[in-house]
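To keep things clear, I will list the structure first and then write my remarks on it.
The values are calculated or read from the model by the stated rules, or taken from the named source; none is laboratory data. Because the structure is predicted, anything quoted here is derived from the model rather than measured. Methodologically, a virtual Cβ is constructed for each residue, glycine included, from the backbone with ideal geometry; neighbour enumeration extends over all protein chains shown.
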């Protein structure tokens, strides 16, 4: 059954984990099936297995990732496998996609009929103190906590029994950090440490060994800068620019306290996407030299160029903006307008009128906006949603880089790096961070300032195809679009 569901390199990952006490996996993003193989391994350990002559008794498995959401995704995948295998779970099962236990606080679990559990934990090393069993540490290079401390907390969990396993999983990071030293460090202690681990490196070519990449992967290769392809898909550790926003500033921004005064303006900021690139939608309240991000969301569209899919995608975006307008009642909708992504801006202008401002972003304007955002973050005058609600924009802000070799910019040039989205089909360009930067244009306004803004139109009707939307096709009436996109 395992061989039926796993590709050869995934079976190799599974064999490495079950055959060794300490395993480290370096893999390409969203292409080699790391999570699926590791989920199989977790299930085998929790159920108990005789693997190639070696008996592994059933025991608890702890899953840690950079956030609760990512840990839960592994647990959900294991749960789907349980359903596929028709393996029984205990009567405490609440529903098919997750087994929540209120006694576990922030953790979620699968409670097996044999009494063993697979638990998901947030990425804080303190979350696993006092636990035992095998432990899987996913995305260790992307965890905002010290990976050395995470490893220091994880190793003692596996000492109680000789069959307990520890698994480290990650993508290539940057030269000079802990994960790079773990894999390629040349110091004596680093070389000796590697000898204690079973290592597996899997690039995108391991997933497609015939040398022919699927069309969507070829597209990702063409749309990403070469160094991003080499890092994320070929598992190369490369030099990187300095991080623009340190973790301390992100932690302060997520403290949950509003920074703007009462009466500050609310603005919707839109960074339109295209095929393979999602749209970034951010609602901010700005004024009094402060800014609060109220909500930030990626909108994922189709990955094929078909007229009906493009129409549906445009209407779905309009519907989502329409919902936000009703909820946040903004005075402005700011759209980053370019010739490559102009349809959404034109459609928004057609629907919402002069409330919409189409603003082409240039290198100079983005640098000015970044300078303002940098000041807000540094001085604690910007907030973003706490917890999972702010995870996506926090991730974008954490990926921003500074090119300090650009001497014409005193504080360095802001760089918005590309990365493959978790769905494996889209490329992110820090679009939420870019959208939020548009909102910095309003932070200088005070609550009592006279603002020359057009009179806001009446609250708009839900989008229908009988309204003009700037499309060059004859409209047809369709059902109200939902967030469950037709191409999902």
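Per-residue answers, yes or no, for (1) at positive phi; (2) part of a loop (DSSP other than H, G, I, E, B); (3) in contact with a strand residue (DSSP E or B) (Cβ under 9 Å, 6 or more places away or on another chain):
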{"site": "283", "(1), (2), (3)": "no, no, yes"}
{"site": "301", "(1), (2), (3)": "no, yes, yes"}
{"site": "308", "(1), (2), (3)": "no, no, no"}
{"site": "315", "(1), (2), (3)": "no, no, no"}
{"site": "324", "(1), (2), (3)": "no, no, yes"}
{"site": "349", "(1), (2), (3)": "no, no, yes"}
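Condition check: touching a strand residue (DSSP E or B) at 6+ places or on another chain (Cβ under 8 Å) and over 30 Å from residue 155 (Cβ atoms). Does residue 199 satisfy that? When the stated conditions are applied, residue 199 does not pass them.
Taking residue 166 as the residue in question, decide whether it is within 30 Å of residue 57 (Cα to Cα) and either over 24 Å from the mean Cα position of the chain (by Cα) or assigned by TED's automatic domain parsing to the domain that holds residue 142 (or both).
Working: within 30 Å of residue 57 (Cα to Cα): yes; either over 24 Å from the mean Cα position of the chain (by Cα) or assigned by TED's automatic domain parsing to the domain that holds residue 142 (or both): yes.
Taking the combined requirement at face value, the residue satisfies it.
Do we have any residue at all in the range 203-212 that's buried (at least 16 other Cβ atoms within 10 Å of the Cβ) and closer than 30 Å to residue 446 by Cα? No, the range 203-212 contains no residue that is buried (at least 16 other Cβ atoms within 10 Å of the Cβ) and closer than 30 Å to residue 446 by Cα.
Can you tell me which of 395, 439, 470 is in a loop (DSSP other than H, G, I, E, B) and either at pLDDT 50 or above or surrounded by fewer than 19 Cβ atoms within 10 Å (Cβ to Cβ) (or both)? Steps first, please.
On the way: 395 fails: in a loop (DSSP other than H, G, I, E, B); 439 fails: in a loop (DSSP other than H, G, I, E, B).
Going through 395, 439, 470 in turn, the sole match is 470.
Of the numbered criteria (1) surrounded by fewer than 18 Cβ atoms within 10 Å (Cβ to Cβ); (2) on the phi > 0 side of the Ramachandran plot; (3) in contact (Cβ under 8 Å) with a residue 12 or more places away in the chain, the one residue 53 fails is (3). Taking (1) touching a residue at least 24 places away in the same chain (Cβ under 8 Å); (2) crowded, with 16+ Cβ neighbours inside 10 Å; (3) in a helix (DSSP H, G or I); (4) touching a helix residue (DSSP H, G or I) at 6+ places or on another chain (Cβ under 8 Å) in turn, residue 127 satisfies each apart from (4).
Among the residues of the range 130-149, some residue qualifies, meaning at least one is in the same structural domain as residue 194 (by TED's automatic domain parsing), within 20 Å of the chain's Cα centre (by Cα) and assigned to a strand (DSSP E or B).
Are any of the residues in the range 286-296 at negative phi, in a helix (DSSP H, G or I) and touching a residue at least 60 places away in the same chain (Cβ under 8 Å)? Let's see the steps before the verdict.
Keep residues of the range 286-296 that are at negative phi, which gives 286, 290-296.
Remaining after also requiring in a helix (DSSP H, G or I): none.
Scanning the range 286-296 turns up no residue that is at negative phi, in a helix (DSSP H, G or I) and touching a residue at least 60 places away in the same chain (Cβ under 8 Å).
Of all residues in the range 123-142, those satisfying the criterion of being farther than 22 Å from residue 14 by Cβ and in contact with a strand residue (DSSP E or B) (Cβ under 8 Å, 6 or more places away or on another chain) are 123, 127, 128, 131, 142. If you go through the range 372-392 and keep only what is surrounded by 16 or more Cβ atoms within 10 Å (Cβ to Cβ) and over 23 Å from the mean Cα position of the chain (by Cα), you end up with 372, 376, 381. In the range 50-89, the qualifying residues are those that are assigned to a loop (DSSP other than H, G, I, E, B) and under 17 Å from the mean Cα position of the chain (by Cα), and the one that is modelled with the highest pLDDT is 65. Cβ separations smaller than 7 Å between residues 6+ apart or across chains give the following pairs from the range 184-200 residues that are within 10 Å of residue 22 (Cβ to Cβ) to residues that are assigned to a strand (DSSP E or B): 196/22; 197/22; 197/23; 197/24; 198/22; 198/23; 199/24.
Which residues, taken from the range 402-426, are outside any loop (DSSP other than H, G, I, E, B), modelled with pLDDT of 80 or more and surrounded by fewer than 20 Cβ atoms within 10 Å (Cβ to Cβ)? Explain how you work it out, then say what you get.
Initial filter on the range 402-426 (outside any loop (DSSP other than H, G, I, E, B)): 402-403, 413-415, 419-420.
Retained after the next criterion (residues that are modelled with pLDDT of 80 or more): 402, 413-415.
Passing the criteria: 402, 413, 415.
Of the residues making up the range 332-358, those that are modelled with pLDDT of 90 or more, under 16 Å from residue 435 (Cα atoms) and surrounded by fewer than 21 Cβ atoms within 10 Å (Cβ to Cβ) are 357, 358.
Scan the range 360-391 for residues that are touching a strand residue (DSSP E or B) at 6+ places or on another chain (Cβ under 6 Å) and under 18 Å from residue 268 (Cβ atoms) and the total you get is 4.
Selection of the range 223-263 for residues being at pLDDT below 85 and either farther than 30 Å from residue 287 by Cβ or not in a loop (DSSP other than H, G, I, E, B) (or both) yields 223, 224, 225, 226, 227, 228, 238, 239, 240, 241, 242, 243.
Evaluate the following for residue 294: is it closer than 15 Å to residue 436 by Cα and touching a strand residue (DSSP E or B) at 6+ places or on another chain (Cβ under 6 Å)? Spell out the reasoning first.
On the way: closer than 15 Å to residue 436 by Cα: yes; touching a strand residue (DSSP E or B) at 6+ places or on another chain (Cβ under 6 Å): yes.
When the stated conditions are applied, residue 294 passes them.
Residue count for the range 230-240, restricted to those that are surrounded by 20 or more Cβ atoms within 10 Å (Cβ to Cβ) and within 20 Å of the chain's Cα centre (by Cα): 4.
Counting the residues of the range 90-111 that are modelled with pLDDT of 75 or more and out of contact with any strand residue (DSSP E or B) (no Cβ under 6 Å at 6 or more places or on another chain) gives 0.
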